[in-house]
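Following: one structure in structure tokens, then a few remarks.
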Amino acid sequence: MAVAVSSVQVTPRKVPRQERARILVDAILTAAEQLSRVGIDGWTTNHVAERAGVSIGSLYQYFPSKESLVSALYTRHRSARLDAFAEALNQTTSLGEHAARALLGGIAESHALERALRSYLIAAAADRRLRQVDGRLATIIAAHLQRIGWDECAARRVATPIATAINAVAAQLSQDGSGLEEPPRLHEIAAMLQGLLTPAPH
């Protein structure tokens, strides 16, 4: 049976380049995030425009559909944590609690929202951009391993399973509602990540 491919446009219509436009887009995404924390299925682009204090026409200049708005929100949310993780890794050759907290801090809340956004896009067959965003974690890991002496091919080969292990930790923290507030938990996670990200090349 052939699988129907969604024709919904999930990429932004244009990229804000001027400060005024960036402020407008940020207000739209912030409004969408606030509504999504209550329930993604319960809002429309009209609700977002009203909450952001902008016209629906202004919203559609950047986001042609609800799916494109959800996709942009997921990208912004996940990219912020990945940027912090990459920055933390670049500051050291070993992975300590600083990098672990940068990647997993506040994970119970943030991962729950990301999971809900992902589920919506998958259900709408509008999840084409998810692989690109999610693939950044493996890219960051591969770059770190090369920086500490790994061969490029070996680094790229192991980066994906390491990223999968990290995502599994994030999912567990999200499911059991816990974070990194307890020092023993943070030590345990940091030690696990350090073992994954600083092994000796074979």
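The values are calculated or read from the model by the stated rules, or taken from the named source; none is laboratory data. What you are looking at is a predicted structure, and each value in this text was computed from that prediction instead of being measured. Don't worry about glycine lacking a Cβ; one is built from the backbone with ideal geometry, like all the others, and counts go over all protein chains shown.
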Original post:
Among the listed residues 186, 180, which satisfies the condition of being surrounded by 12 or more Cβ atoms within 10 Å (Cβ to Cβ), in a helix (DSSP H, G or I) and modelled with pLDDT under 85?
Top reply: 186
Original post:
So how many residues does segment 128-137 have that are within 13 Å of residue 67 (Cα to Cα) and without any contact (Cβ under 8 Å) to a residue 12 or more places away in the chain?
Top reply: 0
Original post:
Quick check, is residue 38 under 16 Å from the mean Cα position of the chain (by Cα) and farther than 18 Å from residue 22 by Cβ?
Top reply: no
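Take the conditions within 16 Å of the chain's Cα centre (by Cα), surrounded by fewer than 14 Cβ atoms within 10 Å (Cβ to Cβ) and modelled with pLDDT under 70 and apply them to residue 135. Does it pass?
Values: within 16 Å of the chain's Cα centre (by Cα): yes; surrounded by fewer than 14 Cβ atoms within 10 Å (Cβ to Cβ): yes; modelled with pLDDT under 70: no.
It is false that residue 135 is within 16 Å of the chain's Cα centre (by Cα), surrounded by fewer than 14 Cβ atoms within 10 Å (Cβ to Cβ) and modelled with pLDDT under 70.
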Subject >> Those residues of segment 64-89 which are under 30 Å from residue 194 (Cα atoms) and free of Cβ contacts under 8 Å to residues at least 24 places away in the same chain, in sequence order >> reply: 80, 83, 84, 87, 88
**OP:** Looking only at segment 42-60, count how many residues are surrounded by fewer than 18 Cβ atoms within 10 Å (Cβ to Cβ) and assigned to a helix (DSSP H, G or I).
**Re:** 9
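Anything in segment 95-117 that is among the charged types (D, E, K, R) and either modelled with pLDDT under 80 or surrounded by fewer than 18 Cβ atoms within 10 Å (Cβ to Cβ) (or both)? List them, or say none.
The answer is 97, 101, 109, 115.
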**OP:** Inspect segment 46-63 for any residue being outside the structural domain of residue 138 (by TED's automatic domain parsing), under 30 Å from residue 143 (Cβ atoms) and in contact (Cβ under 8 Å) with a residue 40 or more places away in the chain and give the result as yes or no.
**Re:** no
